[in-house]
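S.K.: Mind having a look at this structure? Questions to follow.
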Amino acid sequence: MTCPTRILLGTILLAFAGAGIFMAASYPLGTRSADLENFHLAGPTGRSYSIESFPSGSVLAIYFGYTTCQRSCPTALNSIAEAIDRLGKLGAAVQPVFIDMDPERAALVSIPAYMEAFGPRFLGLTGSTGQLGQAARSFNVKLERIQLRG
């Protein structure tokens, strides 16, 4: 990815994060769908999280990815961290959440250490294949395993 492309993506992410915070502050909160209320994932200490675990006034910046991802995931998470920093005081309302979609490999990598690379406010979550599938469905994220040929 070229430098101008990264700058463009970062700018777009910042705009979306700012718009999300503005909308959250400007409009009354709607009711959450039952699907969002039902997902349960584990945090770094084993604590269970669902959408209801977060304060209703917070804006969640949720990224689905892999701790074993070496290019796009760190780039995106770094862009989220920069966007939150650029929001200044408004950034305090944003909770960045990383959902690791590969529970088999996530055990090999320390999710908390991976999150620390992007800032102390980042929360890393994972779960069983079924729990991750439910979380993905809650946010209309399509999961597809692609087998690369050697």
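S.K.: Along Cα→Cβ, 7 Å out, is where each label goes; now give me the distance between the ones at Glu144 and Arg105 in nm to one decimal.
M.R.: Calculated label separation equals 1.8 nm.
S.K.: Please identify the GluC sites (Glu not before Pro) of region 70-150 that satisfy two criteria: DSSP loop assignment and at most 12 other Cβ atoms within 10 Å. Which are they?
M.R.: Taking region 70-150 and a limit of 12 other Cβ atoms within 10 Å, the loop GluC sites (Glu not before Pro) found are Glu144.
Values quoted throughout were computed directly from the atomic coordinates according to the rules given, and no laboratory measurement underlies them. Since this is a predicted model, take the numbers as computed values, not measurements. With ideal geometry, Cβ positions are generated from the backbone for all residues, glycine too; neighbour counts draw on all protein chains shown.
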